[in-house]
Amino acid sequence: MTIQVGDKIPAKTLATMTKEGPKPITTDDIFKGKKVVLFAVPGAFTPGCSNTHMPGYVVHVDAIKAKGVDTVACIAVNDAFVMGAWGQNQNAEHLLMLADGSADFTKTLGLELDLTGAGLGVRSKRYSMIVEDGTVKALNVEPDGAGIAVSTAEKILEQL
C-alpha cells in the first residue's frame, strides 16, 4: 500500500555521507519537529535525475527554505558513497543526501519501482513530498514512476 497524505513517515534508518564516512540517520532525526521537503529519484547519476530533477532543487533550495522548510532532502536506492559523490557532483551541499541502499524505506512507503528488466534492480519511483513533524502533507508521485512532471522543485514551491 502506498503512503498517503495524512500518513506518518515510518520509523526507519537510512544513511548519509559525512567526512568520516557513511553515518546512519533515522527518520525521526530527519522529520521529527521539522518541516521537510523530500524528493526521490530512481538513481543517482542517471540522465533525468542529474540533468533535470536534481538541478531544480539545487537552484530553488533557498526559495524553498524561505517558505519555512527546515530541510530539503534527496533520497535514492543507492549507497551513501554514491549519494555523497552525486551530491558533490551536483553542487548539492545545501541538500541532505539520503541513501536507502536496500530499498527498505522505499518499499515501506510502497513507492518502489522494479527496473530489473533494465538491469537496475529495485529502485524508487520519482516523487516529492512535504512532511511536517513526520506527517505527509503533500505527495507528488510521477504517474509513470520515472517522468519529471509533478515532483519538481517548482511544483513544491507552488504547494508551500
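The values are calculated or read from the model by the stated rules, or taken from the named source; none is laboratory data. Just so you know, these numbers come straight off a predicted model, no measurement behind them. Here Cβ is always computed from backbone atoms with ideal geometry, including for glycine, and neighbour counts include all displayed protein chains.
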Give the residue that is farthest from ILE156 (Cα to Cα), with candidates limited to residues of region 62-84 that are touching a residue at least 40 places away in the same chain (Cβ under 8 Å) and either more than 15 Å from the chain's Cα centre (by Cα) or surrounded by fewer than 16 Cβ atoms within 10 Å (Cβ to Cβ) (or both). PHE81
Give me the pairs: first residue in region 10-35 and of a type in the set (Phe, Trp, Tyr), second residue part of a strand (DSSP E or B), beta-carbon distance under 6 Å, and six or more apart or on different chains, which are they? PHE31/VAL131
Every residue in region 93-116 that is among the polar types (S, T, N, Q) and either in contact with a strand residue (DSSP E or B) (Cβ under 6 Å, 6 or more places away or on another chain) or surrounded by 16 or more Cβ atoms within 10 Å (Cβ to Cβ) (or both), please. THR106, THR108
Can you find a residue in region 125-137 that is in contact with a Lys or Arg (Cβ under 7 Å, 6 or more places away or on another chain), part of a loop (DSSP other than H, G, I, E, B), charged (D, E, K, R) and closer than 24 Å to LEU160 by Cα? yes
Would you please list the contacts, defined by Cβ atoms under 9 Å and residues six or more apart or on different chains, that run from a residue in region 97-124 that is of a type in the set (Val, Ile, Thr) to a residue that is surrounded by 15 or more Cβ atoms within 10 Å (Cβ to Cβ) and in a loop (DSSP other than H, G, I, E, B)? THR106/VAL77; THR106/ASP100; THR106/LYS125; THR108/ILE3; THR108/LYS12; VAL122/VAL77; VAL122/ALA103
With respect to VAL69, is the statement that it is modelled with pLDDT of 95 or more and either closer than 24 Å to GLY145 by Cβ or assigned to a strand (DSSP E or B) (or both) true? no
Go through the residues of region 142-160 one by one and say whether even a single one is part of a strand (DSSP E or B) and modelled with pLDDT of 95 or more. no
Exactly one of (1) farther than 27 Å from GLY21 by Cα; (2) modelled with pLDDT under 95; (3) buried (at least 21 other Cβ atoms within 10 Å of the Cβ) is unmet by GLY119. Its number? (3)
Is it true that some residue in region 14-27 is out of contact with any His (no Cβ under 8 Å at 6 or more places or on another chain), more than 20 Å from ALA85 (Cα to Cα) and either in a helix (DSSP H, G or I) or modelled with pLDDT of 95 or more (or both)? yes
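Do we find that ALA40 is farther than 16 Å from LEU111 by Cα, small (Gly, Ala, Ser) and either under 13 Å from the mean Cα position of the chain (by Cα) or surrounded by fewer than 14 Cβ atoms within 10 Å (Cβ to Cβ) (or both) in this structure?
When the stated conditions are applied, ALA40 does not pass them.
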Given (1) surrounded by 17 or more Cβ atoms within 10 Å (Cβ to Cβ); (2) among the aliphatic types (A, V, I, L, M); (3) closer than 19 Å to LEU157 by Cβ, VAL59 misses just (1)
In a strand (DSSP E or B), within 14 Å of the chain's Cα centre (by Cα) and of a type in the set (A, V, I, L, M), is that true of VAL58? no
